[in-house]
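Visitor: First the structure, then my questions, so here it is.
The values are calculated or read from the model by the stated rules, or taken from the named source; none is laboratory data. All figures in this text were calculated on a predicted structure; none of them were measured in a lab. Cβ placement follows ideal geometry from the backbone for every residue including glycine, while neighbour counts extend to all protein chains displayed. Just the protein is used for accessible areas: all its heavy atoms, side chains included, with ligands, DNA and RNA removed. Shrake-Rupley method; radii C 1.70, N 1.55, O 1.52, S 1.80 Å.
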Amino acid sequence: MSRIGKLPIALASNVQVTVSPENVVTVKGPKGELNQAIDTDITVKVEDGKLLVERPTDQKRHKALHGLYRALLNNMVKGVTEGYKITQELVGVGYRASNQGNTLDLVLGYSHHYVFQLPAEVKVSTTAEKGKNPTIVLESIDKQLIGQVAAKIRSLRAPEPYKGKGVKFEGEVLRRKAGKSAGKK
């Protein structure tokens with residue numbers, strides 16, 4: 001069996017899971033509600049406060065889907081109870097970030113600003129303290145969506161290996177390179 005797929009997902013008392021006849025799983029919790037369509041071959045059951053994902057056979061396709069859907073459902077349960085948070089830093093002289101509601105305005109050393117209208121499910125806040133790099137904090141209940149938004153922001157100015165300038169995740173360790181060495185004799 002799939003090592004990930006066979007693990008049950010523990011449900012808190014304030015989380016409700018419903019499975020429709022079309023195999024769409026809805027997870028409701030204190031932070032919100034998420035839906036996920038599940039392949040018709042995979043069965044999802046709620047028993048004794050645990051969510052179980054089962055597959056019909058040991059075909060390669062069923063094994064792959066078993067682990068995938070268990071991981072997606074686990075992310076949904078964690079999202080509606082705790083939520084997800086991603087922090088990014090802007091490293092570079094003159095790099096700035098500001099927000100008005102869900103609109104993010106970035107100055108990344110180009111001749112123009114980048115203005116983003118973020119999805120309603122993602123909350124954004126920015127901080128700029130003296131002596132520290134400006135930061136962007138993204139919060140959401142949907143792990144896939146927040147990861148996609150963070151990756152898009154990072155792609156605008158990915159960190160370069162010489163000085164480390166760019167948009168990086170908090171705590172990310174960059175592979176640094178030495179610059180040109182002095183004249184060789």
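Visitor: Scanning region 1-19 for residues that are open to solvent by less than 40 Å² (accessible area, probe 1.4 Å) and part of a loop (DSSP other than H, G, I, E, B), which turns out farthest from residue 146 (Cα to Cα)? Spell out the reasoning first.
Guide: Within region 1-19, the first condition is being open to solvent by less than 40 Å² (accessible area, probe 1.4 Å), and the residues that meet it are 2, 5, 9, 11, 15, 17.
Now drop any that are not part of a loop (DSSP other than H, G, I, E, B), which leaves 2, 5, 11, 15.
On the way: 2: 27, 5: 24, 11: 23, 15: 21 Å.
Of everything passing the filter in region 1-19, 2 is farthest from residue 146 (Cα to Cα).
Visitor: Just one of (1) at pLDDT below 95; (2) surrounded by fewer than 19 Cβ atoms within 10 Å (Cβ to Cβ) trips up residue 66, so point out which.
Guide: That leaves (2) as the condition not met.
Visitor: So which of 163, 85 ends up being open to solvent by 60 Å² or more (accessible area, probe 1.4 Å) and assigned to a strand (DSSP E or B)?
Guide: Selected residue: 85, the only one of 163, 85 that is open to solvent by 60 Å² or more (accessible area, probe 1.4 Å) and assigned to a strand (DSSP E or B).
Visitor: What is the number of the single condition among (1) more than 12 Å from residue 91 (Cα to Cα); (2) part of a helix (DSSP H, G or I); (3) touching a residue at least 12 places away in the same chain (Cβ under 8 Å) that residue 124 does not meet?
Guide: Looking at each condition in turn, residue 124 falls short on (2).
Visitor: Quick one: which of 152, 168 is open to solvent by 40 Å² or more (accessible area, probe 1.4 Å) and either under 30 Å from residue 30 (Cα atoms) or assigned to a strand (DSSP E or B) (or both)?
Guide: Details: 168 fails: open to solvent by 40 Å² or more (accessible area, probe 1.4 Å).
Of 152, 168, the one residue that is open to solvent by 40 Å² or more (accessible area, probe 1.4 Å) and either under 30 Å from residue 30 (Cα atoms) or assigned to a strand (DSSP E or B) (or both) is 152.
Visitor: Turning to a different aspect of this structure: For region 29-51, which residues satisfy the criterion of being over 22 Å from residue 62 (Cα atoms), open to solvent by less than 90 Å² (accessible area, probe 1.4 Å) and in contact with a strand residue (DSSP E or B) (Cβ under 8 Å, 6 or more places away or on another chain)?
Guide: The answer is 29, 34, 49.
Visitor: May I ask you to say which residue of 126, 135 is of a type outside the set (Asp, Glu), open to solvent by less than 30 Å² (accessible area, probe 1.4 Å) and over 30 Å from residue 69 (Cβ atoms)?
Guide: Values: 126 fails: open to solvent by less than 30 Å² (accessible area, probe 1.4 Å).
Selected residue: 135, the only one of 126, 135 that is of a type outside the set (Asp, Glu), open to solvent by less than 30 Å² (accessible area, probe 1.4 Å) and over 30 Å from residue 69 (Cβ atoms).
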